[in-house]
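Remarks on the structure that follows.
The values are calculated or read from the model by the stated rules, or taken from the named source; none is laboratory data. Nothing here was measured: the structure is a model prediction, and the numbers come from that model. Here the Cβ positions follow ideal geometry from the backbone for every residue, glycine too, while neighbour counts run over all protein chains shown. SASA here: full protein model, heavy atoms, side chains in, ligands and nucleic acids out. Shrake-Rupley method; radii C 1.70, N 1.55, O 1.52, S 1.80 Å.
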Amino acid sequence: MTREWDAATYDRVALSHHDWATVVLDRLTLDGDETVLDAGCGSGKVTEQLLARLPRGRVVALDGSARMLVQARRRLAAHLDRVTFVHADLARSLPVEPVDAVVSSATFHWIADHRALFTNLAAILRPSGRLVAQCGGLGNVASVRRAVSAVRPLLPDPWHFATPEDAGADLAAAGFVDVRTWLTPATVAVPADDMESYLASVVLGSHLEHVAEAERSDFVRAVADRLPGPEIDYVRLNVVGRSGRGSVGGAT
Ligand SMILES: C[S@@+](CC[C@H](N)C(=O)[O-])C[C@H]1O[C@@H](n2cnc3c(N)ncnc32)[C@H](O)[C@@H]1O
């Protein structure tokens, strides 16, 4: 299973993530009665936006973090009749009934094998079902990466920031058609006073698992001190595609 998150802090501080997700959701035209998977639903803020676009539909809120799912269940308490929560790893075959569409925000870069990920998503999409997603792409948080390498050169790098070309090839290999992939720079200003807690809860969670508890705050401070300014240089990889099942020339 994937790692745990500080769900309450993420929910409070990841404001730009939710703005990005709104743009992603706007790319998915819905009739309002579909069933849609939120792949990596986190604390449920994006899921809540998705539910508002599905007045007669359903959402499958899937995440690998039990704490995130607890937070999401709390946020979506008024809609439990229309939400199915699933604790699962997107890198493995998914225990999910067929869905009309998949949305995902800020999640895919945590998964090393994108071909397996897209294959797992393709397997639960109905014929011609759509995938609309965004995650970190090539160049994402480059200044944080440089700072981490300077402070702790031996820490494992947890991220997979793919190029649009590689993501496109992985989607095609998984049977997606009408694929478009592109990068969007999205630098975010973070108040200097909030930088350490932002880094600890949103960006460096995986790194911290490899740092002794007593050394964590010094590590985060050293990374923050090495950043060129009070901002994070995000670069987002946008992904849209459609299941090739059911289309002429598509996979069967
Ligand atoms: C940065 S949060 C994004 C949450 C939400 N989509 C948003 O935009 O606010 C990334 C989420 O992806 C989940 N995640 C990462 N790797 C995963 C995996 N292999 N399987 C399932 N969930 C995963 C994490 O648990 C976390 O909740």
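The set of residues in region 1-14 that are open to solvent by 20 Å² or more (accessible area, probe 1.4 Å) and under 13 Å from residue 105 (Cβ atoms) contains only 10. Only one entry of 17, 87, 79 meets the criterion of being near the ligand (Cβ under 9 Å from one of its atoms) and open to solvent by 20 Å² or more (accessible area, probe 1.4 Å), and that entry is 87.
This table checks each residue for (1) out of contact with any helix residue (DSSP H, G or I) (no Cβ under 9 Å at 6 or more places or on another chain); (2) of a type in the set (Phe, Trp, Tyr); (3) open to solvent by less than 10 Å² (accessible area, probe 1.4 Å); (4) under 23 Å from residue 202 (Cα atoms).
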{"site": "32", "(1), (2), (3), (4)": "yes, no, yes, no"}
{"site": "47", "(1), (2), (3), (4)": "no, no, yes, yes"}
{"site": "61", "(1), (2), (3), (4)": "no, no, yes, yes"}
{"site": "65", "(1), (2), (3), (4)": "no, no, yes, yes"}
{"site": "103", "(1), (2), (3), (4)": "no, no, yes, yes"}
{"site": "129", "(1), (2), (3), (4)": "no, no, yes, no"}
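Only one entry in 46, 59 is more than 11 Å from the ligand (Cβ to nearest atom) and among the β-branched types (Val, Ile, Thr), namely 59. Close contacts from region 239-252, counting a first residue that is basic (Lys, Arg) and assigned to a strand (DSSP E or B) and a second that is modelled with pLDDT of 75 or more and surrounded by fewer than 19 Cβ atoms within 10 Å (Cβ to Cβ), with Cβ to Cβ under 7 Å and a gap of 6+ residues or different chains, come to 242/128; 242/177; 242/178. Here residue 238 meets the list (1) touching a strand residue (DSSP E or B) at 6+ places or on another chain (Cβ under 7 Å); (2) loosely packed, with under 15 Cβ neighbours inside 10 Å; (3) within 21 Å of residue 121 (Cα to Cα) almost entirely, failing just condition (2). The residues of region 199-219 that are at pLDDT 95 or above, of a type in the set (A, V, I, L, M, F, W, C) and either in contact with a Lys or Arg (Cβ under 8 Å, 6 or more places away or on another chain) or over 21 Å from residue 17 (Cα atoms) (or both), listed by number, are 208, 211, 212, 214, 219. Residues in region 186-205 that are part of a helix (DSSP H, G or I), of a type outside the set (A, V, I, L, M) and in contact (Cβ under 8 Å) with a residue 12 or more places away in the chain: 194, 196, 197, 198, 201, 205. Residue pairs whose Cβ atoms lie under 7 Å apart, separated by 6 or more positions or on different chains, with the first residue in region 47-70 and farther than 11 Å from residue 87 by Cβ and the second open to solvent by 20 Å² or more (accessible area, probe 1.4 Å) and in a helix (DSSP H, G or I), are 48/75; 49/22; 51/79; 51/82; 58/82; 59/82.
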